[in-house]
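A short write-up of the structure that comes next.
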Amino acid sequence: MTHGLNTIRFVSVDAMMRLVHHVGVESFLTGLAAYVEADFRRWESFDKSPRVASHSPGGVIELMPTSDGALYAFKYVNGHPQNGRLGRQTVTAFGVLAEVDTGYPTLLSEMTLLTALRTAATSAVAARALARPDSRTMALIGNGAQSEFQALAFRALLGIETLRLYDIDPAATERCAANLAPLGFSITRCTSAEEAVQGADIVTTATADKRQATILSDNMVGAGQHLNAVGGDCPGKTELAEAILHRASIFVEYPEQTRIEGEIQQLAPDHAVTELWQVLSGLAPGRTGADQITLFDSVGFATEDFSALRFVADCIAGTEYFEELDLLADPDEPRDLFGMLMRARPGEAA
């Protein structure tokens with residue numbers, strides 16, 4: 001399937017699911033992770049700014065833009081924790097990739113699935129640089145929509161085979177276990193967060209409640225663990241006790257955003273953190289010792305969505321996993337937009 005000059009490639013939810021299965025879920029995560037890491041390594045080439053957020057009592061709607069000078073991307077995404085009670089997703093999203101030179105969009109894609117995939121891929125990229133190399137067991141606290149993707153990404157990139165699951169809703173843990181057990185994981189269902197972290201090399205927290213909560217208390221975290229804090233991603237929403245932050249080496253995507261939205265919103269504005277791109281580029285150390293506690297304070301950043309859209313655009317080239325969407329009004333005579341409209345009147349000769 002080719003791409004016309006006056007149309008935009010559209011990847012629907014159905015097409016995204018078929019594409020992921022065509023590539024293979026773990027292969028898709030591995031390929032996506034490679035794009036995410038490559039773009040982190042050229043971090044300085046991107047326009048960067050905190051996302052534009054519109055907060056309401058029920059949640060948040062955000063726009064996440066960035067550009068590398070050749071391509072521009074943005075994502076529309078919401079986060080509404082109460083949606084689950086309505087039978088709806090907590091997070092939904094779509095994204096656009098465009099040419100900077102012309103301003104023409106070239107790709108419109110669903111990003112509800114793709115955000116889950118890119119979040120998991122980014123978590124695993126960070127953990128590969130920060131966790132102990134012999135890590136094989138991960139605690140997953142919060143067994144919602146993100147949990148299975150995290151498990152698969154950590155297996156694909158780090159070899160994680162053993163999972164310890166906990167959620168305040170036992171039904172969520174059962175669903176997660178039922179989805180992952182046929183895929184070959186060794187799974188333990190836990191009755192508390194404290195039980196889940198016991199013996200875990202990596203601890204992933206991915207809860208949805210929009211408030212400052214203590215999912216992990218200081219006494220739960222031991223020497224050598226890597227913490228992957230995914231759920232704290234807006235002002236007033238955190239998962240870790242502040243005392244943990246003072247014991248850990250903290251790594252972030254974009255400090256200007258993370259200090260507003262991440263776990264480190266609990267700390268002084270000048271508290272020392274290391275940017276992940278510096279570690280991946282060899283400009284700063286990651287883990288420096290077996291007993292070190294490392295924390296990836298993940299809030300999600302626009303470059304990761306840029307990477308995901310770029311990866312999808314490359315994956316769909318020459319395939320059937322997109323449609324041509326008639327989105328761009330582009331008359332033969334660029335200055336005659338009105339004439340194009342008039343020629344479309346019913347009964348008008350072509």
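The values are calculated or read from the model by the stated rules, or taken from the named source; none is laboratory data. Small disclaimer: the values here were computed from a predicted structure and weren't measured. Positions of Cβ are generated from backbone atoms using ideal geometry, with glycine treated the same way; all protein chains shown enter the neighbour counts.
Looking across region 283-303, not a single residue is under 16 Å from Gly222 (Cα atoms), charged (D, E, K, R) and not in a loop (DSSP other than H, G, I, E, B). Can you tell me which residue is surrounded by the most Cβ atoms within 10 Å (Cβ to Cβ) among those in region 82-96 that are within 17 Å of the chain's Cα centre (by Cα) and not hydrophobic (A, V, I, L, M, F, W, C)? So, considering only residues that are within 17 Å of the chain's Cα centre (by Cα) and not hydrophobic (A, V, I, L, M, F, W, C), the one surrounded by the most Cβ atoms within 10 Å (Cβ to Cβ) is Gly95. Here Ala172 fits the description: small (Gly, Ala, Ser), closer than 12 Å to Leu140 by Cα and either free of Cβ contacts under 8 Å to residues at least 40 places away in the same chain or not assigned by TED's automatic domain parsing to the domain that holds Asp291 (or both).
Just wondering, is there one or more residues in region 18-40 that are within 22 Å of Val252 (Cα to Cα), acidic (Asp, Glu) and without any contact (Cβ under 8 Å) to a residue 24 or more places away in the chain? The answer is no, given that none of the residues of region 18-40 is within 22 Å of Val252 (Cα to Cα), acidic (Asp, Glu) and without any contact (Cβ under 8 Å) to a residue 24 or more places away in the chain. Thr238 falls short on exactly one of the conditions (1) at pLDDT below 95; (2) closer than 21 Å to Arg128 by Cα, and that condition is (2). Which residue is farthest from Cys234 (Cα to Cα), if the candidates are limited to region 80-127 and must be assigned to a helix (DSSP H, G or I) and of a type in the set (Lys, Arg)? Of everything passing the filter in region 80-127, Arg85 is farthest from Cys234 (Cα to Cα). Residues that are modelled with pLDDT of 95 or more, touching a helix residue (DSSP H, G or I) at 6+ places or on another chain (Cβ under 6 Å) and part of a loop (DSSP other than H, G, I, E, B) are absent from region 28-43 altogether. For region 128-137, the set of residues classified as in contact with a His (Cβ under 9 Å, 6 or more places away or on another chain) and not in a loop (DSSP other than H, G, I, E, B) consists of Leu130 only.
Going by the conditions given, is Leu140 under 23 Å from Trp277 (Cα atoms), in contact with a Ser or Thr (Cβ under 7 Å, 6 or more places away or on another chain) and not basic (Lys, Arg)? Can you show your working first?
Values: under 23 Å from Trp277 (Cα atoms): no; in contact with a Ser or Thr (Cβ under 7 Å, 6 or more places away or on another chain): yes; not basic (Lys, Arg): yes.
Answer is no for this residue.
When restricted to residues that are among the aromatic types (Phe, Trp, Tyr), farther than 30 Å from Gln257 by Cβ and in contact (Cβ under 8 Å) with a residue 60 or more places away in the chain, region 294-350 contains 2.
Restricting attention to region 22-67, the residues that are closer than 22 Å to Ala126 by Cβ and of a type in the set (Ser, Thr, Tyr) total 6.
When Leu108, Leu152, Leu130 are checked against the criterion of being in contact with a Lys or Arg (Cβ under 6 Å, 6 or more places away or on another chain) and either in contact (Cβ under 8 Å) with a residue 24 or more places away in the chain or under 30 Å from Gln82 (Cβ atoms) (or both), a single residue qualifies: Leu130. Can we say Arg343 is under 22 Å from Val221 (Cα atoms), among the basic types (Lys, Arg) and out of contact with any Lys or Arg (no Cβ under 6 Å at 6 or more places or on another chain)? Answer is no for this residue. Is there a residue in region 301-311 that is surrounded by fewer than 23 Cβ atoms within 10 Å (Cβ to Cβ), farther than 30 Å from Thr214 by Cα and under 23 Å from the mean Cα position of the chain (by Cα)? Scanning region 301-311 turns up at least one residue that is surrounded by fewer than 23 Cβ atoms within 10 Å (Cβ to Cβ), farther than 30 Å from Thr214 by Cα and under 23 Å from the mean Cα position of the chain (by Cα). Of all residues in region 97-153, those that are under 19 Å from Ala248 (Cβ atoms), crowded, with 22+ Cβ neighbours inside 10 Å and among the charged types (D, E, K, R) total 0. In region 9-38, the residue that is surrounded by the most Cβ atoms within 10 Å (Cβ to Cβ) out of those that are charged (D, E, K, R) and under 15 Å from Leu114 (Cβ atoms) is Arg9. Residues in region 312-326 that are farther than 16 Å from His21 by Cβ, surrounded by 15 or more Cβ atoms within 10 Å (Cβ to Cβ) and either among the hydrophobic types (A, V, I, L, M, F, W, C) or under 17 Å from the mean Cα position of the chain (by Cα) (or both): Ala313, Leu325. Would you confirm whether any residue within region 50-72 is closer than 25 Å to Leu152 by Cβ and assigned to a strand (DSSP E or B)? Yes, some residue in region 50-72 is closer than 25 Å to Leu152 by Cβ and assigned to a strand (DSSP E or B). Within region 304-319, the set of residues being part of a helix (DSSP H, G or I) and either not assigned by TED's automatic domain parsing to the domain that holds Glu62 or not polar (S, T, N, Q) (or both) comprises Glu304, Asp305, Phe306, Ala308, Leu309, Arg310, Phe311, Val312, Ala313, Asp314, Cys315, Ile316.
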